[in-house]
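To start, the structure itself, in structure tokens.
The values are calculated or read from the model by the stated rules, or taken from the named source; none is laboratory data. Since the structure is predicted, the reported quantities are computational estimates derived from the model, not experimental observations. All Cβ positions, glycine included, derive from the backbone under ideal geometry; neighbour counts span all protein chains shown. Ligands, DNA and RNA are excluded from the accessible area calculation, which covers all protein heavy atoms including side chains. Shrake-Rupley method; radii C 1.70, N 1.55, O 1.52, S 1.80 Å.
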Amino acid sequence: MAINSREKGKKGELELSRALRGHGYDTRRGQQYCGSNGDADVVGLPYLHIECKRVEKLNLRTAMDQSIHDARDGEKPCVMHRKNREPWMVTMLLDDFMEIYREWEAGMELMEKGEVNAEE
């Protein structure tokens, strides 16, 4: 029995949300309440606009364009995607990734100097 694209999209969003909750974030499908409300496909990661794609063949440029177009002020657009039997992947604009990486790197440097407790 074939699954229609709307149901497959919903299933992928639920799967991604569960995976992100496994990392400690309170996420949910953005469209689960009464149709389109402008939310990302999955919400609960502050400052990210997540476009979720659970497909075997992905037009990454089109998906990224959609995330860029739909992202609100202060949100970094990203596409989280996976194929069958493969891990989830994340695609972002390089400038956005570098901004996030610099913050992570700065935090690591503070931890190495003992200025930040790793459990904070």
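Out of the stretch 50-64, which residues are open to solvent by less than 30 Å² (accessible area, probe 1.4 Å) and without any contact (Cβ under 8 Å) to a residue 40 or more places away in the chain?
Looking only at the stretch 50-64, we keep the residues that are open to solvent by less than 30 Å² (accessible area, probe 1.4 Å), and these are 50-52, 63-64.
Within the stretch 50-64, Ile50, Glu51, Ala63, Met64 qualify.
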Arg85 meets each of (1) among the basic types (Lys, Arg); (2) outside any helix (DSSP H, G or I); (3) free of Cβ contacts under 8 Å to residues at least 24 places away in the same chain; (4) under 21 Å from Pro46 (Cβ atoms) with one exception, condition (4)
Of (1) open to solvent by 80 Å² or more (accessible area, probe 1.4 Å); (2) part of a loop (DSSP other than H, G, I, E, B); (3) out of contact with any Gly (no Cβ under 9 Å at 6 or more places or on another chain); (4) not small (Gly, Ala, Ser), Arg72 satisfies all except one. Which? (3)
Could you say which residue among Val90, Val55, Val79 is hydrophobic (A, V, I, L, M, F, W, C), closer than 19 Å to Arg6 by Cβ and within 10 Å of the chain's Cα centre (by Cα)? Val79
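Among the residues of the stretch 98-120, which ones are at pLDDT below 85, open to solvent by 70 Å² or more (accessible area, probe 1.4 Å), more than 26 Å from the chain's Cα centre (by Cα) and not polar (S, T, N, Q)?
The first filter runs over the stretch 98-120 and keeps only residues at pLDDT below 85, leaving 114-120.
Checking the rest, the ones that are also open to solvent by 70 Å² or more (accessible area, probe 1.4 Å) come to 115, 117-120.
Right, trim to more than 26 Å from the chain's Cα centre (by Cα) and you get 115, 117.
Passing the criteria: only Glu115.
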Given (1) modelled with pLDDT under 95; (2) small (Gly, Ala, Ser); (3) surrounded by 10 or more Cβ atoms within 10 Å (Cβ to Cβ), index of the condition Ser67 fails: (1)
